[in-house]
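I have placed the structure first, in the form of structure tokens, so that the comments after it can refer back to it.
The values are calculated or read from the model by the stated rules, or taken from the named source; none is laboratory data. Quick caveat: nothing in here was measured; it's all calculated off a predicted structure. Here the Cβ positions follow ideal geometry from the backbone for every residue, glycine too, while neighbour counts run over all protein chains shown. These area figures cover heavy atoms from the full protein model, side chains too; ligands, DNA and RNA do not enter into them. Shrake-Rupley method; radii C 1.70, N 1.55, O 1.52, S 1.80 Å.
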Amino acid sequence: MFGLTKKDSLLLIIVIGLALFAPFLLNPFPEGSAMAQFNAGYPDLMQRLVIFGIFAIGFNILFGLTGYLSFGHAAFLGVGSYAAIWMMKLLTMNVIPAIIISVIVAGLFSLLVGWISLRRSGIYFSILTLAFAQMSYALAYSVLTPITGGETGLQPKNSDPRILDGALAEGQSPRANLFGLEMNQSFDLNIGNWVFTFNAGYYVAAVVMIIAFYLSIRIFRSPFGLMLRAVKSNQQRMNYTGLNAKPYTLAAFVISGMYAGLAGGLLVAMDTQVGAERMFWTASGEVVLMTILGGAGTLIGPALGAGFIKYMENIVSKINKNILETWFGFLPDGLEDLLISLVYPFVGKGWHLTLGLLFMLVVIFLPGGLVEGGQRIAKMFRRKKVDSKSTDSTNKPAE
């Protein structure tokens, strides 16, 4: 299917299914129940799950295939966001031109950064990319205030020219749309005590994520992908054969930066507010965590890692003492207070502690990330089936 092997086609179908049915899958608990806190099927979070999945998939093309660890990919996310918001301010609120220009501008910027940074490798490369990201953040935050909005950021205004859009009615604010379909438009489906939200912006981002995932599969399975794996395996030996690795690593860097720019453009399409914080070093570190947690070098791992971290950030961080009291309220007072005091440091504002512990466990026991964990579980079930079949065959009397 679409030039993919049977295994890759199955993986693509799984991703398509997860993306299309996310409103159902992320809302497993009925509204009003104690477990409804863990539902994640609301538009803002679903959009972030797929957008940061794109960001991590692109980062994996660089880090997972070549082994080059960049600490500055948030710069391309931010540059793509600023390009998109200016397209909305100057041309149109239609998200298509904004997304296209975000990819192009991020690609050009990553070409410049990559051409300089890839002159070094290892930790020196990582430090160079981090330096570029921090310089970009400083420029956006203070020096280039007329272009970036500085500390307050940028958002569309009624006074913006938008030469392709008609004049807005009095009192109407500009909103991102896809040929008239607004990105914040939603439809709620009520089934019993469950409420499932279908958001236009989410499905636009989900379709883009599916396309981005398909392209990453083609890159992984292409001769170009094999050359990138050779760079990761032993670049020095590759140079001895007469092959120059720099064009391949630069191409991987630019493609990865374009993915980041695409994610930045989609963030603007979903929420038309851009600030310099998207370029801060913590955002670059976050995508590294996503990729390693999900499984660097795997196809679906980075997207899983992005979803896991964004879920923790938006769901676990909202669990406060009041929620814990409702959970443990049926227990005796002394036991209730003990459990709340034990659990509370790991939720709410302490969600980073939980994420850090889980990350440590994954790195120590599952170096291949969440994908390796899934593979181990699948092998256990296969082994049990094989053992049961062999037992049945040995116990079966000869005819």
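Where Rh is the Kirkwood radius over the Cα pairs of segment 153-286, the temperature 10 °C and the viscosity 1.306 mPa s, what D in µm²/s does Stokes-Einstein return?
84
Once all Cα-Cα distances of segment 163-214 are split into 10 Å bins that start at 0, what whole-number percent is in each one?
For segment 163-214, the pair-distance distribution reads 20, 35, 30, 14, 2.
Select from Ser70, Ser33, Ser121 the residue whose mean-square fluctuation is largest in a Gaussian network model of the chain (Cα-Cα springs shorter than 10 Å).
Ser33
With viscosity set to 1.306 mPa s and temperature to 10 °C, compute the Stokes-Einstein D of segment 1-129, Rh being the Kirkwood radius across alpha carbon pairs; µm²/s, no decimals.
Estimated diffusion coefficient is 89 µm²/s.
Subtracting the Cα-Cα distance from 0.36 nm times the residue separation, let me have the gained length for Leu25 to Leu112 in nm, one decimal.
Full extension from Leu25 to Leu112 adds 27.2 nm.
Can you give the net charge of the other residues whose Cβ lies under 12 Å from the Cβ of Ser173, counting K and R as +1 and D and E as -1?
Residues near Ser173 contribute -1 overall.
As an exercise, find the ratio Rg/Rh for segment 1-58 from alpha-carbon atoms, using the Kirkwood inverse-distance average for Rh.
For segment 1-58, the value is 1.10.
Taking the Cα-to-Cβ direction at Glu277 and at Ser173 and moving 7 Å from each Cα, how far apart do the two end points lie in nm?
Label at Glu277, label at Ser173, 1.8 nm between them.
From the C-alpha gyration tensor of segment 282-376, pull out the three semi-axes of the equivalent ellipsoid (sqrt of 5λ each), sorted largest to smallest, in whole Å.
31, 14, 11
Using only the Cα atoms of segment 208-327, what do you get for the radius of gyration and for Dmax, in Å?
Answer for segment 208-327, Rg first and Dmax second: 18.6, 67 Å.
Write down Rg/Rh for the chain, rounded to two decimals, with Rg from the C-alpha atoms and Rh from the Kirkwood relation over Cα pairs.
1.02
How much accessible surface area, in Å² rounded to 10, belongs to the heavy atoms of Phe21 with a 1.4 Å probe?
110
Given a Förster distance of 22 angstrom, what is the FRET efficiency for Ile163 paired with Asn184, based on the Cβ-Cβ distance and rounded to 0.05?
Efficiency at R0 = 22 Å is approximately 0.40.
Taking every pair of Cα atoms in segment 90-187, average 1/r, invert it to obtain the Kirkwood radius, and report Rg/Rh to two decimals.
The Rg/Rh ratio comes out at 1.10.
Tell me the per residue accessible area of the chain using a 1.4 Å probe; a whole number in Å² is fine.
I get 51 Å² per residue for the chain.
Taking springs between alpha-carbon atoms closer than 10 angstrom, which of Arg237, Arg175, Arg218 fluctuates most in the Gaussian network model of the chain?
Arg237
How long, wide and thick is segment 281-334, going by the Cα atoms along their three principal axes, in whole angstroms, largest first?
49, 24, 16 Å, listed from the longest principal axis down.
Looking at the calculated P(r) for segment 192-242, what percent of the C-alpha pair distances fall above 17 Å?
Considering segment 192-242, 60 percent of its Cα-Cα pairs are separated by more than 17 Å.
How high is the relative contact order of the chain? Use alpha-carbon pairs under 8 Å, at least six apart in sequence, and give a whole percent.
Computed value for the chain: 27 percent relative contact order.
Would you pull out the residues with amide H under 5 Å of Asn94's amide H, same chain only if 5 or more places away, H placed 1.01 Å from N?
Answer set, sorted by chain and number: Asn177.
In a Debye calculation with equal point scatterers on the alpha-carbon sites of segment 119-171 and no solvent, what is log10 I(q)/I(0) at q = 0.22, 0.25 Å⁻¹?
-0.84, -0.92
What would the Debye formula give as log10 I(q)/I(0) at q = 0.15, 0.23, 0.32 Å⁻¹ for the alpha-carbon point model of segment 250-299, no solvent?
So the normalised log intensities are -0.51, -1.07, -1.16.
In whole percent, what relative contact order does segment 267-399 give with Cα contacts below 8 Å and a gap of six or more residues?
Taking the mean separation of contacting Cα pairs over the length of segment 267-399, I get 24 percent.
Can you tell which of Asp271, Asp44, Asp165 shows the greatest fluctuation in a Gaussian network model of the chain with Cα springs below 10 Å?
Asp165
Please list, or write none, the lysines whose alpha carbon is within less than 27 Å of the alpha carbon of Lys321, excluding same-chain residues fewer than 8 places away.
Partners within reach: Lys310, Lys349.
Along the Cα→Cβ direction, 7 angstrom out, place labels at Ile211 and Glu151. What is the inter-label distance in nm?
Calculated label separation equals 3.9 nm.
Could you work out the relative contact order of segment 77-159, using alpha carbon pairs under 8 angstrom and six or more residues apart, expressed as a whole percent?
26
How big is the Cα convex hull of segment 27-81 in projection, averaged over all directions, in nm²?
The orientation-averaged projected area of the Cα hull of segment 27-81 comes to 5.4 nm².
Quick one: give the max-minus-min coordinate of the C-alpha atoms of segment 337-386 along each principal axis, largest first, in Å.
48, 23, 14
Less than 18 Å apart at the alpha-carbon level, and either on another chain or at least 8 residues along: which lysines does that give for Lys157?
Answer for Lys157, where 18 Å is the Cα cut-off: Lys89, listed by chain and number.
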